[in-house]
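What follows is a single structure, written as C-alpha cells, with notes after it.
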Amino acid sequence: MAESSFRTAYRLGIMCLILLSVALLGACAKPQKFEFKRAWPAAPEKPRFHYERSLYGTADVMGELTAQEKWMQVATGQGRVSQAFSKPYHVAVYKGRIYLTDTVAKRVHVMDAPNKRSFSLGDKEDRGKLLKPIGIDVDGNGMVYVADVSAQRVIMYNQEGNFVRAFGEGKDTPLVKPSGVAVNKEGTRVFVVDTGGVTSKPEEHRVRVFDVATGKHLFDIGRRGSSEGEFNLPLQATMGPEGNLYVLDSGNFRVQIFDQEGNFIRKFGKVGRNFGDLARPKAIAVDPLGLIYVVDTAFSNFQIFTPEGQLMLFIGDRGVSGMPGKYQLPSGVDVDEDGRIYLADQFFRKIDIFRPDYIPEGTGYFATGEKGQPTEVWEIPTAEEIEQRKEEVLQK
C-alpha cells in the first residue's frame, strides 16, 4: 500500500517536471518582438516622415479579396495571381500608379493602387519588349519612358503599356549605356543618361536630349571630366518642380543641376563617409517642395537635402531583417505628387513607402486616387538653422 502510494507520487512528480519543462520551452520559443522606427527623425524631434507600408509583389496594392475572388478561391483552389519582385531596380510613380523596373523578370511591374489592379509592360513579343530595364520616368500625361541598358535604347509606352516609340536607335545618335531617363512635365523633351564606362570615350559620359514628338536627337549635355557641366559615370536623372534637370554624377560624387537647354546652374556633394557626403550614390528624386533625395548604396539609406544641397536628415540604415528602413542594396527612389517617398531595395526585393507629416494618413493619390490636401506644409529649414541644429547635437 505504501509502495503503491510512493509510485503514484513519483509518477505525478515526473509528469509535473515534464509539464514545467514544456511550459518553459514554449515561453523561450515565443518569437521575438522586433521594434522598428516608424517616424523620422526620432523623438523628441518632431517627425517629418512616417513609414506607411512595404510592397513585395503586385498583389500588395489590391487590398482584401473581393467576394467573387473568395468564391473562385474556394471553387477552383486558385488564389489571386501575384507577381513577386525578382530584382527591382528603379521606381517611378504617377497619380498612385507605381512603376517598378525588374532586371531579372525583364519587365516593368505596374501597380495601380487606386484601382487595385496590376499588369506589366515590356514583356510582350513586340517592339516594346525589354531586355534589361533600369531607369524609368513618367511625364505629366502619364506616358512611360524606360531605359533599357542591354537593348541600348529608351522605350516610350502609353498608360496601358503599349509601345509608342523608341529613342536612340538611330545610327547617328546611338546610346552606349542608357541607365537613367527623365522627361519634362509637358512630355516634350526626354533626357537620357548615357553612363559610359571606365574605358569608354570621354564624349560617352553624357546626357542625350531628344524631342518626344519626333524622336529626333536635339543636343548633348556634358562629357567626361570633373569640371562644372562634366560627368564621370552619371547614373540617374530627374526633373525638379521648377523644371530643371538634376543629374546624379556618381563618379564625381555629386549632383549637378541644369536648365532644359543644358546650361549649368549649380552643384553640390562630395565624396566621404560623414552625414551629407556621398559614397556610392545610386538614385535621385526631387519632391514637390524642391527637396532632393539621394539613395546611397554604401550607406544603405537615402539622404534628404534642401534645394541648396544642405543635408536635412536621412532615412534607413543597413540591416539583415528587411524590416522598414532596413536595406542592403537600395537602388531606386521616387516621390509622388503628394510627397510620398517610394524606396526600392534589390536585396530584400521590396518597396518601402513613407508619408510626409503634412499629408494626413489615408489621403493622397496612393490611398484614394485623388491628390491629397496638406494640413500644413512645413517650411524647409535654412542652412543656418541646419548648422545650428548640428552644433546642438554635437554638444549633447
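At a glance:
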{"item": "Residue match in the range 377-385 (condition: under 28 Å from Pro133 (Cβ atoms) and outside any helix (DSSP H, G or I))", "result": "no"}
{"item": "Top-ranked residue of the range 117-158 - restricted to ones that are assigned to a loop (DSSP other than H, G, I, E, B), touching a residue at least 24 places away in the same chain (Cβ under 8 Å) and touching a Leu at 6+ places or on another chain (Cβ under 6 Å), ranked as surrounded by the most Cβ atoms within 10 Å (Cβ to Cβ)", "result": "Gly122"}
{"item": "Inter-residue pairs, beta-carbon under 6 Å, first under 15 Å from Lys267 (Cβ atoms) and among the hydrophobic types (A, V, I, L, M, F, W, C) and in the range 224-249, second assigned to a strand (DSSP E or B) and open to solvent by 20 Å² or more (accessible area, probe 1.4 Å), 6+ apart", "result": "Leu248/Leu235"}
{"item": "Residue in the range 101-119 that is basic (Lys, Arg) and either in contact with a His (Cβ under 6 Å, 6 or more places away or on another chain) or at pLDDT 95 or above (or both) present", "result": "yes"}
{"item": "Of all residues making up the range 335-382, the number that are under 17 Å from Asp60 (Cβ atoms) and among the charged types (D, E, K, R)", "result": "7"}
{"item": "Glu337 vs. criteria over 20 Å from Gln236 (Cα atoms) and either surrounded by fewer than 24 Cβ atoms within 10 Å (Cβ to Cβ) or free of Cβ contacts under 8 Å to residues at least 12 places away in the same chain (or both)", "result": "no"}
{"item": "Residue selected from the range 306-328 under the condition closer than 26 Å to Phe268 by Cα and charged (D, E, K, R), by the criterion farthest from the chain's Cα centre (by Cα)", "result": "Glu308"}
{"item": "In the range 174-201, the residues that are surrounded by fewer than 18 Cβ atoms within 10 Å (Cβ to Cβ), of a type in the set (Ser, Thr, Tyr) and either in contact with a Lys or Arg (Cβ under 7 Å, 6 or more places away or on another chain) or modelled with pLDDT of 95 or more (or both)", "result": "Thr188"}
{"item": "Gly251, sole failed condition from (1) open to solvent by 30 Å² or more (accessible area, probe 1.4 Å); (2) more than 19 Å from Phe354 (Cα to Cα)", "result": "(1)"}
{"item": "Residues (open to solvent by 40 Å² or more (accessible area, probe 1.4 Å) and in contact with a Leu (Cβ under 8 Å, 6 or more places away or on another chain)) located in the range 342-355", "result": "Phe347"}
{"item": "Selection count, the range 274-288, where residues are crowded, with 19+ Cβ neighbours inside 10 Å and outside any strand (DSSP E or B)", "result": "1"}
{"item": "Test: residue in the range 104-115 that is buried (at least 20 other Cβ atoms within 10 Å of the Cβ) and within 22 Å of Val209 (Cβ to Cβ)", "result": "no"}
{"item": "Residues within the range 335-351 that are more than 16 Å from Arg48 (Cα to Cα) and under 8 Å from the mean Cα position of the chain (by Cα), tallied", "result": "4"}
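Per-residue answers, yes or no, for (1) in contact (Cβ under 8 Å) with a residue 12 or more places away in the chain; (2) of a type in the set (Gly, Ala, Ser); (3) open to solvent by less than 100 Å² (accessible area, probe 1.4 Å); (4) within 15 Å of Pro114 (Cβ to Cβ):
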{"position": "Asp357", "(1), (2), (3), (4)": "yes, no, yes, no"}
{"position": "Pro360", "(1), (2), (3), (4)": "yes, no, yes, no"}
{"position": "Gly364", "(1), (2), (3), (4)": "yes, yes, yes, yes"}
{"position": "Glu379", "(1), (2), (3), (4)": "no, no, no, no"}
{"position": "Ala383", "(1), (2), (3), (4)": "yes, yes, yes, no"}
{"position": "Ile386", "(1), (2), (3), (4)": "yes, no, yes, no"}
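The values are calculated or read from the model by the stated rules, or taken from the named source; none is laboratory data. Given the structure is predicted, the values throughout are model-derived calculations rather than measurements. A quick note on method: Cβ atoms are made from the backbone with ideal geometry, for glycine too, and the neighbour counts reach across all protein chains shown. Remember, those area values only see protein heavy atoms, side chains included, never the ligands or the DNA or RNA. Shrake-Rupley method; radii C 1.70, N 1.55, O 1.52, S 1.80 Å.
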